[in-house]
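The values are calculated or read from the model by the stated rules, or taken from the named source; none is laboratory data. All of these numbers come straight from a predicted model, not from anything done at the bench. Heads up, the Cβs are rebuilt from the backbone with ideal geometry, glycines too, and the neighbour counts pull from every protein chain shown.
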Amino acid sequence: MQPVLLNDFKRQWSEIGEDVLRAVERVGASGWYVLGEEVRRFETVLAGHWGLAEAVGVASGLDALEIALRALDIQRGDRVLTTPLSAFATTMAIVRLGGVPVFCDTDSNGLLDLDAAESVLAADRSIRFLLPVHLFGQSLDLDRLATLQERFNVGVVEDCAQSVGAEWAGRPTGTVGRLAATSFYPTKNLGAMGDGGAVLTNDAGLAARVRRLRDYGQSAKYRHDEIGWNSRLDELQAAILGEAVLPRLRDWTRRRQEVAATYTAGIHHPGVRLLRPPASATSCEHLFPVAVAKREHFEAHLKACGIATGRHYPILIPDQKAMVGTEFEVKGELSRARELAGHEVSLPIHPQLTEEEIDRVIAAVNEWTVAD
Ligand SMILES: Cc1ncc(COP(=O)(O)O)c(C=O)c1O
């Protein structure tokens, strides 16, 4: 029996391979490999797709976060409110810039608790930045995010690495903060065949600064106005994304949403809590997280049924070894985040899943016998 994979890149290749090869051929024949016409075209199409004025391609999602924060003039010692439950890159971006991450708890779904965030911001007006994450492909409440940004005058950078296509009441994630950052890591919904990322914004001035920062801080050839990064998106990745992936993204997202709806209707188990978004949110279903009491037992059962699983994320960011000796603050108990770090399991969800595989996942979950 074929295993059900978390991502099936071989099937994806059979779907997109011809388009990818055409893109590669075009770039090869052009003789221009970094920051050229392909990147420019992809940036324009991506911005239009997202509904924002500007997209700037960079080398990774991590770089996108760092460069976005720098574009808002983050200084050493500046404190940035963020979530303890995310990819480590979210916090790494802050730390690499000399900023100080400030963590507060998540809600019961694992996304930053905006009530807790509001209390922290109200109690401490020296916090200058907010770095929320639309985790699992689920949108935070964008109306509340906009209110927090305005009321506390914090620079908001939205981490949209997992949330391309996600919405809150019809509004796309990434459209509230002054800048949004996303990732084209292959497992992402808009995944390249290598690393990549983008910063998105409606602010032309900020976009111009991001363009400078990604390319050694150059304002013109050999004229360096500030210390920047080497974080340029290459032509191959831009061409592949533009030719083979972005044109399929809406259909792929719809397919993910169908899979999620089928799981939601089909999974009924007292020991398995589905972490579904609130009614106002339209998830792009990057991941399908559930919380289970006996995680190892559940994972072993699914493995025996030939079903791969993931954990997002098993260790809270402030508990990571890399944070020992790194300055950070924790506001309040992180009890809900810690609970999920100990109990979350991600089920396979991707556009190439077959109906038979979806049924197998549902049956395997429902048949799980919880150990004593
Ligand atoms: C929420 C989140 N933020 C940031 C990143 C970093 O993106 P990248 O791996 O492209 O640096 C990722 C992806 O790993 C992510 O999931």
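Considering the range 134-150, the residues that are away from the ligand (no atom under 16 Å from the Cβ) and farther than 15 Å from Gly174 by Cβ include one that is farthest from the chain's Cα centre (by Cα), namely Glu150.
So for the range 348-364 (the condition being surrounded by 15 or more Cβ atoms within 10 Å (Cβ to Cβ) and under 21 Å from Val133 (Cβ atoms)), does at least one residue qualify? Looking for residues that are surrounded by 15 or more Cβ atoms within 10 Å (Cβ to Cβ) and under 21 Å from Val133 (Cβ atoms), one finds at least one in the range 348-364, hence yes.
Considering only residues in the range 214-230 that are out of contact with any strand residue (DSSP E or B) (no Cβ under 7 Å at 6 or more places or on another chain) and within 16 Å of the ligand (Cβ to nearest atom), the one that is farthest from Val24 (Cα to Cα) turns out to be Trp229. Restricting the search to the range 300-336, which residues are farther than 19 Å from Leu275 by Cα, in contact with a helix residue (DSSP H, G or I) (Cβ under 9 Å, 6 or more places away or on another chain) and assigned to a helix (DSSP H, G or I)? If the condition is that a residue be farther than 19 Å from Leu275 by Cα, in contact with a helix residue (DSSP H, G or I) (Cβ under 9 Å, 6 or more places away or on another chain) and assigned to a helix (DSSP H, G or I), then His301, Ala304, Ile317, Pro318, Asp319, Ala322, Met323 are the ones that fit. Of everything listed in (1) in contact with a Pro (Cβ under 7 Å, 6 or more places away or on another chain); (2) in the same structural domain as Leu69 (by TED's automatic domain parsing), the single unmet condition for Leu275 is (2). State whether the residues of the range 186-197 include one that is modelled with pLDDT of 95 or more, surrounded by 24 or more Cβ atoms within 10 Å (Cβ to Cβ), hydrophobic (A, V, I, L, M, F, W, C) and more than 12 Å from the ligand (Cβ to nearest atom). No.
Can you tell me which residue within the range 220-252, out of those that are touching an Asp or Glu at 6+ places or on another chain (Cβ under 7 Å) and assigned to a helix (DSSP H, G or I), is surrounded by the fewest Cβ atoms within 10 Å (Cβ to Cβ)? Checking each candidate, the answer is Gly242. Of all the numbered requirements in (1) under 23 Å from Asn109 (Cβ atoms); (2) buried (at least 18 other Cβ atoms within 10 Å of the Cβ), Leu213 misses one, and that requirement is (1).
The rows are residues; the columns are (1) within 21 Å of Lys331 (Cβ to Cβ); (2) surrounded by 15 or more Cβ atoms within 10 Å (Cβ to Cβ).
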| position | (1), (2) |
| --- | --- |
| Val4 | no, yes |
| Asp19 | no, yes |
| Gly51 | no, no |
| Ser86 | yes, yes |
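Scanning the range 115-133 for residues that are crowded, with 20+ Cβ neighbours inside 10 Å and free of Cβ contacts under 8 Å to residues at least 40 places away in the same chain yields one hit, Ala117. Checked against the criterion of being in contact with a Ser or Thr (Cβ under 8 Å, 6 or more places away or on another chain) and of a type in the set (S, T, N, Q), the range 328-339 has no qualifying residue. Arg212 - would you say it is in contact (Cβ under 8 Å) with a residue 40 or more places away in the chain and assigned by TED's automatic domain parsing to the domain that holds Leu97? When the stated conditions are applied, Arg212 does not pass them.
Conditions (1) away from the ligand (no atom under 16 Å from the Cβ); (2) closer than 27 Å to Val324 by Cβ, marked per residue:
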site: Val58; (1), (2): no, no
site: Asp78; (1), (2): yes, yes
site: Leu81; (1), (2): no, yes
site: Asp105; (1), (2): yes, yes
site: Leu114; (1), (2): yes, no
site: Pro132; (1), (2): no, yes
site: Ala166; (1), (2): no, no
site: Gly170; (1), (2): yes, no
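For Ala64, the conditions (1) more than 16 Å from the ligand (Cβ to nearest atom); (2) under 19 Å from the mean Cα position of the chain (by Cα); (3) closer than 26 Å to Phe136 by Cβ are fulfilled apart from (1).
Looking across Val120, Val95, one residue alone is over 18 Å from Glu150 (Cα atoms), in a helix (DSSP H, G or I) and away from the ligand (no atom under 11 Å from the Cβ). It is Val95. In this structure, does Ser183 turn out to be of a type outside the set (A, V, I, L, M), in contact with a Cys (Cβ under 7 Å, 6 or more places away or on another chain) and within 12 Å of the ligand (Cβ to nearest atom)? Taking the combined requirement at face value, the residue does not satisfy it. Filtered by the rule that a residue be away from the ligand (no atom under 11 Å from the Cβ) and among the small types (Gly, Ala, Ser), the range 153-164 gives a lone residue, Gly155.
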